[in-house]
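This report concerns only the one structure given below.
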Amino acid sequence: MTARNVYFQFNIPFFLSRYHFPDRDIQVANSMAERKNFKTFKLNILKRYTESGWTLFAAYGDSSTDFAAYLAAGVPQNKIFAITRQGNCKCKPGPWRKCYDSRSKHTPIAFPP
């Protein structure tokens, strides 16, 4: 799920495949309002999933709004993982368990084979 600008959404499937993420639905912001309030956009999607019977097991992200949305949606704090943004050396602040400097190092932890 991403609130990324519509012009940068085209490469999301390639990115997910490159880092061996499960083949699942991709949720993207469809309006300017959704792209302006990242936390609410992501929380609304997560709420729809939980209302449909999903259990949120783990989550990762690279922004403080990601972490806040995950926690508000019921993801246990010890299952929220932070990833440094490309070119940065620290993770954004938030309620996460551990900061990783690479998505490829983190993927097996959140999504074991």
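The values are calculated or read from the model by the stated rules, or taken from the named source; none is laboratory data. Because the structure is predicted, anything quoted here is derived from the model rather than measured. Backbone-built Cβ (ideal geometry, glycine too); neighbour counts: all protein chains shown. Ligands, DNA and RNA are excluded from the accessible area calculation, which covers all protein heavy atoms including side chains. Shrake-Rupley method; radii C 1.70, N 1.55, O 1.52, S 1.80 Å.
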Tally the residues that are under 22 Å from Cys91 (Cα atoms) and under 14 Å from the mean Cα position of the chain (by Cα), restricting the search to the range 29-45.
-> 6
What residue, among those in the range 42-61 that are surrounded by fewer than 21 Cβ atoms within 10 Å (Cβ to Cβ) and either at pLDDT below 90 or in contact with a helix residue (DSSP H, G or I) (Cβ under 6 Å, 6 or more places away or on another chain) (or both), is nearest to Lys98 (Cα to Cα)?
-> Ala58
Do we find that Leu16 is open to solvent by less than 60 Å² (accessible area, probe 1.4 Å), of a type outside the set (S, T, N, Q), within 12 Å of the chain's Cα centre (by Cα) and at pLDDT 90 or above in this structure?
-> no
Taking the range 65-84, which residues are open to solvent by 50 Å² or more (accessible area, probe 1.4 Å) and assigned to a helix (DSSP H, G or I)?
-> Leu71, Ala72, Gln77, Asn78, Lys79
Would the range 83-102 turn up any residue that is under 14 Å from the mean Cα position of the chain (by Cα), among the hydrophobic types (A, V, I, L, M, F, W, C) and at pLDDT 90 or above?
-> yes
Taking the range 21-41 and keeping residues of a type in the set (A, V, I, L, M, F, W, C) and open to solvent by less than 80 Å² (accessible area, probe 1.4 Å) leaves Phe21, Ile26, Val28, Ala29, Ala33, Phe41
